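As structure tokens, the structure follows; a few thoughts come after it.
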Amino acid sequence: AIASDDKFTPPHLSLARLSATESNWQETLERCASLLRLNPYEYPQGYYYRAVAQYNLQRDGEAFESAQQAVKLDTSHSVPLAEQLLGVLCSSRGDHKSAAEHFRNYIRYAPPNANLSGVKALLAEAESRIQQGGP
């Protein structure tokens, strides 16, 4: 599809998702760059996949920015995993209050069949740190 029309965005998103599924982080970044160059406003999934790739490449600052953009654009909450990732990134920065907020958002917007036990544990840890006087 890209060979026929390289400005048609859905195949770029599909290839980014496939690259992420295969843990091919560099290719995921390239696919997301192509998608977001074509349309930076309608694809929170592109920012989410980019954030996941950056996180796995240990580029936490870039991952944080991409995850923030995904959450900002995701007004329909179709990418709740962006909230979870942003919570993890906030927690690693020591911002436990923001981490807890993002974990709560993930729990609120997660699909009905999602296994929430891991995120609930992360939320409990963030809340514990807040009570101990952390940010």
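The values are calculated or read from the model by the stated rules, or taken from the named source; none is laboratory data. Computed from a predicted structure; not experimentally measured. Ideal geometry is used to build each Cβ from the backbone, glycine not excepted, and the neighbour counts take in all protein chains shown. For accessibility, only protein heavy atoms count, side chains too; no ligands or nucleic acids. Shrake-Rupley method; radii C 1.70, N 1.55, O 1.52, S 1.80 Å.
Under the convention that each Lys and Arg Cβ holds +1 and each Asp and Glu Cβ holds -1, the size of the dipole of the chain around its Cα centre is about 260 debye. Rolling a 1.4 Å probe over the protein heavy atoms leaves Leu18 with an accessible area of roughly 90 Å². Phi angles across the stretch 71-84 convert, under the Karplus curve 6.51 cos²θ - 1.76 cosθ + 1.60 with θ = phi - 60°, into 3J(HN,Hα) values of 5, 4, 7, 7, 5, 8, 6, 7, 10, x, 4, 5, 5, 4 Hz, Gly and Pro given as x.
Once you have a ≥ b ≥ c as the square roots of the Cα gyration tensor eigenvalues for the stretch 22-72, tell me rounded if a/c is under 1.5, and otherwise prolate or oblate according to whether a/b is larger than b/c. Here the stretch 22-72 falls in the oblate category. Express the accessible area of the chain per residue in Å², computed with a 1.4 Å probe while the remaining protein chains stay in the model. In whole numbers, the chain has 56 Å² accessible per residue. Computed packing ranks the peptides 54-66, 107-119 as 54-66, 107-119, most packed first, by mean other Cβ atoms within 10 Å. Within the set (1) 16; (2) 25; (3) 19, the number that percent of Cα pairs over 26 Å apart takes when calculated for this structure is listed as (2). Ligands, DNA and RNA left out, the 1.4 Å accessible surface of the chain is 47% carbon and sulfur atoms. In the chain, the DSSP-assigned H stretches of four residues or longer account for a calculated mean residue ellipticity at 222 nm of -22500 deg cm²/dmol, using -39500 (n - 2.57) per stretch and the full residue count as denominator. Extending 7 Å from Cα along the Cβ direction at Asn113 and again at Asn56 yields two label points whose distance is 2.2 nm. Between Arg93 and Glu127, the contour length at 0.36 nm per residue exceeds the alpha carbon distance by 10.8 nm.
Dipole of the chain computed with +1 at Lys/Arg Cβ and -1 at Asp/Glu Cβ about the Cα centre; of Asn39, Leu57, Ser76, farthest Cα towards the positive end is Ser76. Multiplying the residue separation of Glu27 and Ser76 by 0.36 nm and subtracting their alpha-carbon distance yields 14.9 nm.
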